[in-house]
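Only one structure is covered here, and it is reproduced in the block below.
What follows draws every value from the coordinates through simple rules; no lab data is involved. None of these values were measured; they are calculated from a predicted model. Here Cβ is always computed from backbone atoms with ideal geometry, including for glycine, and neighbour counts include all displayed protein chains.
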Amino acid sequence: MNNKHLNKAGYISALRIGLCFLLSGLVCSNLSANENRWQDALTIDGFYTLDLTYTDEAIPVISNGNIPRVLDAKESTLKSSVFGLQVELEISSDLSAFVQGSTFYDQHNEFDKSLDWAYLSYDLGNNYDIRLGMFLVPFLQGTELKSVSYSRLWARPLVPGSGAGGFIDNRGIELIKRVPLKDSFLSLQFSLGEPEHQSSNVDGELLSLVAIKYEGRDFWVRGALAHAGYEVSTPLGQMIDDNASSNMISIETEIRFRDVVVNAGLSDSDAEISPDDMLSYLSIAYPMGSFTPYILAVRASQHFEAFTAPAPPSSAPPPPGGAPPSQRIGDNDRETLGIGFRYDLGGNYSLKAQAERIEIIDESDPLRGRVESEANVFTVLLEGVF
């Protein structure tokens, strides 16, 4: 591991330790004098999703734990389930701390855990909030709500992977401004920090993001612009590009018209070395009291472009299994058509069922050529918050 990665790890560790000491000191100074105040200031909530999924053919899916999983043909599994905890502490009238974590099965079918949020929030007054710590990248609304399935209509996340060019979380600072208007509401969100990528070969340097959301009586619309700078290296640690970047844009909306609810979204990215990500989705729901049926269509695409990679050093051992994989060039498209329902059981619990037809056309591997995959996926889940 080079010095840069050691410094990065040290920086992150120092940030975590500093936040812990700061939080501990603030807690002790504000709460030791009054035990009842401590009990009133602390809020602990749990959430869970018990997910039973079946597929008739082998197909990759995104679990509720935001983990890509490849299901085998005729497989029934509960390993897309997730359990989590949220802890919020009101340190003073202006300062609070929030932590969210979850546990799930990873892509290797091993039990894993994730820290999704960990930040301090300070109310600056005049509807301004500033937050410091670690956050899920707020590029799409679905990227922030993936683990808490109860917060969305659909049984499975609409947004595949991270939804933000592979960047999962961001360690830094956020500024939020809320503007109440007559019969409507406007919010602005600014983020700046060091992002973490889902690939170990991508080292995030700096991510800047601005998002705006306008909420009316029967609709909302949200847009975001993001820029990420990063380094890309080979699995052997050789630098491919030490100044790569990605520009991302998204727009989403929810419209309620009489008894129909329409959700739609579109995102696109222009990345160097990493693939370009494109996403579009449309959902139409018809709420009938506690029962809400819906239909949905999702299209996700990745576009790979050729780049110049350094040759492995002569002293490097041969890769296991023979020659290294070929460089991916071309498109990998995924289309989903689904129908399902959500039934609210009351008491913050719900039951969901969803049937999907997933079709994948992968033309990005020159050695394999065009590969088509399709499957029917059925999901039933019980979820809730407590």
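Numbers at a glance
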item	result
Protection-proxy order for peptides 224-234, 68-78, each taking the mean of Cβ atoms within 10 Å per residue, highest first	224-234, 68-78
When each of LYS74/LYS146; LYS177/LYS352; LYS74/LYS113; LYS79/LYS213; LYS79/LYS177 is checked by Cα-Cα distance, pairs over 31 Å	LYS177/LYS352; LYS79/LYS213; LYS79/LYS177
Per residue convex hull volume, Cα atoms of the chain, in Å³	157
Helix-only CD estimate at 222 nm, as mean residue ellipticity for the chain, using -39500 (n - 2.57) per DSSP H run (n ≥ 4)	-3500 deg cm²/dmol
ILE240 long-range amide H proximity, modeled H, under 5 Å	VAL232, SER233, THR234
Cα-based convex hull volume of region 100-155 per residue, rounded to whole Å³	118
Region 41-106: relative contact order as a whole-number percent, Cα under 8 Å and 6+ apart	36
Estimated vicinal HN-Hα couplings, Hz - region 80-90 in sequence order (Karplus 6.51, -1.76, 1.60; Gly, Pro = x)	9, 6, 8, 10, x, 9, 10, 10, 10, 10, 8
In order through region 208-214: 3J(HN,Hα) via Karplus (6.51 cos²θ - 1.76 cosθ + 1.60), integer Hz, x for Gly, Pro	10, 8, 10, 9, 9, 9, 10
Distribution of pairwise C-alpha distances over region 255-386, 5 Å bins, in %	2, 8, 12, 14, 14, 12, 10, 8, 7, 5, 4, 2, 1, 0
Cα radius of gyration and Dmax for region 68-190 (Å)	17.1, 56
J(HN,Hα) series, region 240-246, from Karplus relation 6.51 cos²θ - 1.76 cosθ + 1.60, nearest Hz, glycine and proline x	9, 8, 9, 9, 7, 8, 9
Taking the chain and dividing mean pair separation by its residue count, relative contact order in percent (alpha carbons under 8 Å, at least six apart)	12
Label-point separation, ILE44 to SER208 (7 Å along Cα→Cβ), nm	4.2
Gain on full stretching of the segment that runs from ASP123 to PHE291 - 0.36 nm per residue minus C-alpha separation	56.7 nm
Listed residues PHE167, PHE257, PHE104, most fluctuating in the chain (Gaussian network, C-alpha, under 10 Å)	PHE257
Globularity index of region 138-213, i.e. its alpha-carbon radius of gyration over 2.2 N^0.38 Å	1.26
Quarter of Cα convex hull surface for region 118-259, i.e. mean projection, nm²	10.2
